[in-house]
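J.: To start, I am sharing the structure in question, which I have written as structure tokens.
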Amino acid sequence: GTHEVTDYSNAKYEPIKLIIEHLLIKFTQKDAGFSTNVKEHVLQCDMLPMTYKIINKLKKDKVVQGKEDVILADTGVKLQSKMHQLFSGTCKFESGNSKILDYSKGNFIKNHFSNKKIGIFYKFKEELNLLKEVYKDNLTTDLDEFNNSDKNIALQFISGREGISLRKADCLVAYNIDFSATTYFQFKDRLTTKERTENHLFWVFSKNGIEEKIYKSVMNKKDYTLSIFKKDYL
């Protein structure tokens, strides 16, 4: 069959066209008060020599025996997870217990952003314990307290990535990075607010750590899967 093509170039349709164009221009992100100018900064943090030693032994032997507990990485998934934890200074042992092994990242963030009111995003629960020990009373996990005090706030990537406005934060700081590309892009949106025309995100990565490899993957809209990890390390 055939279909008829209507010519809409007629002059009487011009006012409608102008109205539509006006609305499209008027409601761009910029005019609505939302900025897409997000500047990302990667900061490198030296971890303790002990941390690198543990990771290298785990990669080689797939197990590290401590005085009281064991770090086991007998599968690719476990090795990926343990390296992810260790490069940020904590570890969950085979027994299920978690422990802080290296405070380097927490101290680095506290010193580097000492004159800023910041929102810190962490991945693992033990990382929150680390941040609490470093910041003492100058850290909260409550949004109302953050908005009405000089305290910094710590939020977990998954629970804090949606529906929370951190407009009172001078900048956002990622203590770690999630394997999920969705989490990455939602994290970037956290500072997109009417009150700000330029937004800054700071990623704190361990020097020569796994985080930068994760970052390169998720920023290209790819989850950091086991297969990518194996190409990087195995």
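The values are calculated or read from the model by the stated rules, or taken from the named source; none is laboratory data. Computed from a predicted structure; not experimentally measured. Cβ atoms come from the backbone with ideal geometry, glycine included; neighbour counts cover every protein chain shown. Each accessible area value is taken on the protein alone, full model and side chains, heavy atoms only, with ligands, DNA and RNA left out. Shrake-Rupley method; radii C 1.70, N 1.55, O 1.52, S 1.80 Å.
J.: Expressed as cubic angstrom per residue, what is the convex hull volume of the alpha carbon set of segment 58-106?
T.: Cα-based convex hull of segment 58-106, divided per residue, equals 74 Å³.
J.: Then there's this: Starting from a Cα-only point model with no solvent, please compute log10 I(q)/I(0) by Debye for segment 77-219 at q = 0.21, 0.22 1/Å.
T.: -1.42, -1.54
J.: State, in angstrom, two size descriptors of segment 164-234 derived from its alpha carbons: Rg to one decimal place and Dmax to the nearest whole number.
T.: My reading of the Cα-based Rg and Dmax gives 13.7, 46 Å.
J.: Heavy-atom accessible area of K168 with all protein chains present, probe 1.4 Å, nearest 10 Å²?
T.: Accessible area, nearest 10 Å²: 80 Å².
J.: Taking Cα pairs under 8 Å and at least six residues apart, what relative contact order does segment 46-141 come out at, in percent?
T.: 22 percent
J.: So which lysines pass the test for K230, namely a Cα distance under 18 Å, with those fewer than 8 places away in the same chain ruled out?
T.: Candidates past the 8-residue exclusion: K57, K59, K60, K62, K78, K82, K213, K216, K222.
J.: Using unit Cβ charges (K, R positive; D, E negative) and no other charged atoms, how large, in debye to the nearest 20, is the dipole of segment 74-221 about its Cα centre?
T.: Dipole size: approximately 280 debye.
J.: Hey, another quick one. Would you pull out the residues with amide H under 5 Å of F113's amide H, same chain only if 5 or more places away, H placed 1.01 Å from N?
T.: none
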